[in-house]
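Data block below; observations after.
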Amino acid sequence: MALNIAKNKPAAHGHVERKSQETKGDKVVAGVSHTMLALWSLLVLVPLGWTLLSSFKTTSEIFASPFSLPEVWQFQNYVNAWNTAGIGSYFFNTVIVVGAALVIVMVLGAMCAYVLARFVFPGSRAIYYLMLAGLTFPIFLAIVPLFFILKNMGLLNTLPGLIIVYVAFALPFTVFFLFSFFKALPSEIAEAAQIDGAGEWRTFFQIMLPMAKPGMASVAIFNFLGLWNQYLIPVAINTKRENYVLSQGIAAFAGQQGYAVDFGSLFAAAIIVVVPVLVMYILFQRQLQGSVSAGTMK
Amino acid sequence: MTQVTNEVQSGGGVVATARRRRKKLTFDKVSFMAVFLGLPLVIYLVFVISPFVQAVYYSMTSWSGFDNNMPFVGLGNYVKLFNDDIFMLSVRNSIVLAIFLPVITVILALVLATLVTIGGSSRGQIKGLKGAGFYRIVSFFPYVIPAVVIGIIWAQIFNPDNGLLNGILTGIGLDGFKDFPWLGDSRTAMIASMVVIVWGFVGFYMILFIAAIKGIPAETFEAARIDGAGRFRTAINITIPLIRDNIQTAYVYMGILALDAFVYMSILNSTGGPENSTLVMSQKLFTTAFSKGQFGLACAMGVVLAVITLIFSALVFLVNRWTGGNKDVSE
């Protein structure tokens, strides 16, 4: 996919001198800027392109030269990664866990943010700061007690246990982001709905939630990336091999590489893990970059 | 629905009664608050807040985790930690990361963001570089790639036998780097690890800064230009002061990430690297807890990590304050 993007490149070079009024200094600055940015782009793209290329080579070809093209394009590497290395089953686990956690955290987070943003009640400030604490403290502080909480509930090493922990740790970010979003919505509309006889439930689900759609979309993308890429939580509380998610699966695969060297399949596995997030990124890239800026304006 | 709407629009008196009615505790309202606030809050308290609190208590016991026997040892674990040379080394490594990673990442991101936004013509409207969209898309790539995969890819790039880096270096004639173990030599392992993390995050902060720079009104730049400021002066004297809040945010995020760094460090060098040169606190905590079963001690490490994280954030805020961060430069 890295290569596809390169094709869309909107003629970065060669257009610099379009206007006659550009001074010599402009050209120099533009030239230097383009050179530096092009170098940086290469630094990003070359490792990814190299990974893609290597994923089609046999192990001995990889060892022979890091640059050579494969003699025969080894699509078998992908089959091996998917079946033998178990990436296929990890993939399905990840889809289930991330999908379920994402839906739950978006619903719960939106509800919580809505109440905090639009109702005044004793303790609402305290809850807000409690959420801030969840964002500030390192997850490592919580990881040991969390292990035993899940163990006592019988949720250790189960997918539901992983889902609920994902929900809990994605909650503060979700609430924070949506809090400002609900705060900015005009209160007249909610009041109008109420006057029309809609209860609190209906006001939320039929009026306010649809209005918050743009905010929900941005948060959902960030949560998707964060949860899909999560590694520490599953490694600590989801240690049964058949329940592995992708990130731990590929780490385990890479870990045993020292003994049974199949580098081609390892590169193929890396590509398999990257493709879903890259597709998401390309589909939503405008929205994602937009929400980076929205997030910083608070 | 429409009928009701028409009725309401007819008079203000209805609004007043409706407002009063909302104050009453109806079933609708009670059930709404219970579910909307109660449910998320219970999950959050049970799985996030209570572990934080418990960790502080466990850190004062010598609990091994597999029975309910938790001998209270007070600050004994902390004393043990400060006398543990390997733990102190991991603290040092974490602090090294927290010092260098934010500086390098933020500076690189600022430079790239500046090039993209004000690299264009110096006449007419202020505009960015041509092809800025392409650079933005490419730069953001690494941020969406799972950290585990970034670690695996770079571990292969640094691979002494078949890695890309040594391939390039020997390719351009630097034969001395043939078979050089970047991650296996205590002189280079830490630097190589830092390169990986910087690679993963520069693009994200670059996008963040680009957005911030675009938020500065164009008149500000035009005024600076009329006053005769060149691009470099504009970047130093106008752009950076105006986006310093964003820089502070980026700095804090990056520092918190550097103090964690678990994924990158454990994938690049799972056992802490040559002579523990890349061992960080989070890795030490993880093995102490889940390999050795010293849960009390591991929680004490967690507390130390949390305290260092808070000190770091406070320091960044204070430094920004002292250097005039709260002055409104735009006036």
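The values are calculated or read from the model by the stated rules, or taken from the named source; none is laboratory data. These figures come from a predicted structure and were not determined experimentally. Counting neighbours? That spans all protein chains shown, and the Cβs are built from the backbone with ideal geometry, glycine included.
Tabulated data
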| item | result |
| --- | --- |
| A:Ile87 being under 24 Å from the mean Cα position of the chain (by Cα) and either within 14 Å of chain B (Cβ to nearest Cβ) or under 21 Å from A:Val277 (Cα atoms) (or both) | yes |
| Positions within segment A:144-161 being within 11 Å of chain B (Cβ to nearest Cβ) and hydrophobic (A, V, I, L, M, F, W, C), in sequence order | A:Val144, A:Leu146, A:Phe147, A:Phe148, A:Ile149, A:Leu150, A:Met153, A:Leu155 |
| Of the criteria (1) over 24 Å from the mean Cα position of the chain (by Cα); (2) under 23 Å from B:Val103 (Cα atoms); (3) not in a helix (DSSP H, G or I), which one B:Thr234 fails | (3) |
| Selection count where residues are modelled with pLDDT under 70 and more than 17 Å from B:Tyr135 (Cβ to Cβ), scope segment A:4-58 | 6 |
| Residue identified as surrounded by fewer than 20 Cβ atoms within 10 Å (Cβ to Cβ) and in contact with a Leu (Cβ under 7 Å, 6 or more places away or on another chain) among B:Ile216, B:Ile226, B:Ile236 | B:Ile216 |
| Residue identified as on the phi > 0 side of the Ramachandran plot and more than 26 Å from the chain's Cα centre (by Cα) among B:Gly167, B:Gly228 | B:Gly228 |
| Residue in segment B:181-190 that is more than 13 Å from chain A (Cβ to nearest Cβ), surrounded by fewer than 20 Cβ atoms within 10 Å (Cβ to Cβ) and of a type in the set (Val, Ile, Thr) present | yes |
| Residue in segment A:45-61 that is surrounded by fewer than 14 Cβ atoms within 10 Å (Cβ to Cβ), more than 8 Å from chain B (Cβ to nearest Cβ) and farther than 27 Å from A:Asn223 by Cα present | yes |
| Test result for B:Leu45, outside the structural domain of B:Met254 (by TED's automatic domain parsing) and either of a type in the set (A, V, I, L, M, F, W, C) or modelled with pLDDT under 95 (or both) | yes |
| Subset tally (residues that are surrounded by fewer than 16 Cβ atoms within 10 Å (Cβ to Cβ), modelled with pLDDT of 85 or more and of a type outside the set (D, E, K, R)) for segment A:181-196 | 0 |
| Those residues of segment A:78-130 which are crowded, with 16+ Cβ neighbours inside 10 Å, touching an Asp or Glu at 6+ places or on another chain (Cβ under 9 Å) and of a type outside the set (Gly, Ala, Ser), in sequence order | A:Asn80, A:Asn93 |
| Residues of segment A:202-224 satisfying the condition of being touching a residue at least 24 places away in the same chain (Cβ under 8 Å) and of a type in the set (A, V, I, L, M) | A:Met208, A:Leu209, A:Met211, A:Ala212, A:Met216, A:Ala217, A:Val219, A:Ala220, A:Ile221 |
| Residue check, B:Ile137 surrounded by fewer than 24 Cβ atoms within 10 Å (Cβ to Cβ), under 30 Å from B:Val252 (Cα atoms) and within 8 Å of chain A (Cβ to nearest Cβ) | yes |
| Total residues in segment B:157-171, condition facing chain A (nearest Cβ under 7 Å) and either under 27 Å from B:Leu115 (Cα atoms) or touching a helix residue (DSSP H, G or I) at 6+ places or on another chain (Cβ under 8 Å) (or both) | 5 |
| Matching option when the condition is of a type in the set (Lys, Arg) and closer than 22 Å to A:Phe119 by Cα, among A:Arg241, A:Arg202 | A:Arg202 |
| Any hit, segment A:95-109, residues being in the same structural domain as A:Gln248 (by TED's automatic domain parsing) and over 30 Å from A:Val275 (Cα atoms) | no |
| Test: residue in segment B:184-203 that is hydrophobic (A, V, I, L, M, F, W, C) and modelled with pLDDT under 90 | no |
| Condition met for A:Phe169 (facing chain B (nearest Cβ under 8 Å), in contact with a Leu (Cβ under 7 Å, 6 or more places away or on another chain) and under 28 Å from B:Met60 (Cβ atoms)) | no |
| In segment A:194-239, the residues that are more than 10 Å from every other protein chain (Cβ to nearest Cβ) and farther than 30 Å from B:Gly200 by Cα | A:Phe205, A:Gln206, A:Ile207, A:Met208, A:Leu209, A:Pro210, A:Met211, A:Ala212 |
| Number of the exception - B:Val263 against (1) assigned to a helix (DSSP H, G or I); (2) surrounded by fewer than 16 Cβ atoms within 10 Å (Cβ to Cβ) | (2) |
| Among (1) more than 30 Å from B:Ile311 (Cα to Cα); (2) of a type in the set (Gly, Ala, Ser); (3) assigned to a helix (DSSP H, G or I) - the single one A:Ala198 does not satisfy | (3) |
| Those residues of segment A:267-288 which are at pLDDT 90 or above and either at positive phi or more than 10 Å from every other protein chain (Cβ to nearest Cβ) (or both), in sequence order | A:Ala268 |
| Leading residue by the ranking (farthest from the other protein chains (Cβ to nearest Cβ)) among those in segment B:261-289 that are in contact with a Gly (Cβ under 7 Å, 6 or more places away or on another chain) and under 22 Å from B:Lys80 (Cα atoms) | B:Thr278 |
| Helices (runs of 4 or more DSSP H) contained entirely in segment B:28-102, each with at least 2 residues that are away from chain A (no Cβ under 11 Å) | B:76-82 |
